[in-house]
């Protein structure tokens, strides 16, 4: 009996942290806070994780499910005009990605000089990628995963908590929902059934391939291709997005532990300066992207700040941005990082040993 109770206790804790996160999200949302549902879920689950010392299971699954659902939400909401907008903005988007990635590399080199961290770990901690992607790359490249995860988690938390407040304060936010002129057609039972099947295929596929950011990317590509060319899905119920937000935000909050804070103390000052620099650069590039393309300001800003693809997609709607473009542009950057980072590190290490 004791063995069974010990085995299921982490699972029960995993369910409790989900319910506590949900309660926090409902509370913050009812208070009218911008992106309150996401922030409430993340903060309440984070506080619970910090207080509870025992093991908590299921949080990794929550993150994967949240990313898969958001990927499919983006894919099933894509329309031909979105593709046209992104096609016309290809050059400015590529320029923005190159600038942000280059800045991340330079900041990483600086971090290695200001702290005891080695150069490779510092660069991975500074690149503008999402938390799951960069920690996966750190693990594959045999770097310090703990430090990389902590610095990216710190940046992600700062961005998610400050962007809803920062954008209106700076006068950058365009108020008012955008009129799309598209008649809403609710998704039918067959659509939800097919979406569930795509979710299962995405989950299995990424566990086989293990591509960084693949849960969101594969879900978006598969569902988007079917939606645009084979079977129009219709619009999902709003509850689907809320479920995705709960899963994703609780998985982020669950990373707040005493060990995380102790690790962060070692690098908090230089890492904080790097985060401020990258966020400021992202805001500037976002305004530039808006001026040069047909992408609205809210969408351009959230597409440009170096946070996680799924997290910024989750708060995009509430800040008046187009989550399809926000998610897609962040995934562009993640794909570029996932493809280019391993060979670049191979060259760095080769020069070091030469």
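The values are calculated or read from the model by the stated rules, or taken from the named source; none is laboratory data. Predicted model only: the values in this text are computed from it and were never measured. So basically every Cβ, Gly included, is an ideal-geometry build from the backbone, and we count neighbours across all protein chains shown.
Within 17 Å of residue 217 (Cβ to Cβ) and in a helix (DSSP H, G or I): does that describe residue 261?
For residue 261, the condition - within 17 Å of residue 217 (Cβ to Cβ) and in a helix (DSSP H, G or I) - is not met.
For the range 58-65, state whether one or more residues are without any contact (Cβ under 8 Å) to a residue 60 or more places away in the chain, part of a helix (DSSP H, G or I) and in contact with a helix residue (DSSP H, G or I) (Cβ under 9 Å, 6 or more places away or on another chain).
Yes, the conditions are met somewhere in the range 58-65.
Does the range 280-300 hold any residues that are crowded, with 21+ Cβ neighbours inside 10 Å and in a helix (DSSP H, G or I), and which are they?
282, 285, 286, 289, 290, 298, 299, 300
Tell me, which helices (runs of 4 or more DSSP H) lie completely within the range 94-211 with 2 or more residues that are modelled with pLDDT of 85 or more, over 28 Å from residue 289 (Cβ atoms) and more than 17 Å from the chain's Cα centre (by Cα)?
Output list reads 189-209.
Looking only at residues that are within 25 Å of residue 314 (Cβ to Cβ) and in a helix (DSSP H, G or I) in the range 81-93, which one is farthest from the chain's Cα centre (by Cα)? If you could, list the steps in order and put the result at the bottom.
Restricting attention to the range 81-93, the residues satisfying the condition of being within 25 Å of residue 314 (Cβ to Cβ) are 81-83, 85-86, 89, 92-93.
Filter once more, keeping what is in a helix (DSSP H, G or I): 81-83, 85-86, 92-93.
On the way: 81: 24, 82: 21, 83: 21, 85: 22, 86: 20, 92: 22, 93: 18 Å.
Here the residue is 81.
Please determine whether any residue of the range 265-277 is buried (at least 20 other Cβ atoms within 10 Å of the Cβ), within 21 Å of residue 326 (Cβ to Cβ) and either at pLDDT below 85 or more than 20 Å from the chain's Cα centre (by Cα) (or both).
yes
Quick one: count up the residues across the range 234-258 that are in a loop (DSSP other than H, G, I, E, B) and crowded, with 23+ Cβ neighbours inside 10 Å.
Step one: filter the range 234-258 for residues in a loop (DSSP other than H, G, I, E, B), giving 234, 236-237, 254-257.
This time we only want the ones that are crowded, with 23+ Cβ neighbours inside 10 Å, so: 254.
Total satisfying the criteria: 1.
Can you name the condition, by its number, that residue 306 falls short on among (1) in a helix (DSSP H, G or I); (2) at pLDDT below 85?
If we test residue 306 against (1) in a helix (DSSP H, G or I); (2) at pLDDT below 85, just (1) comes out false.
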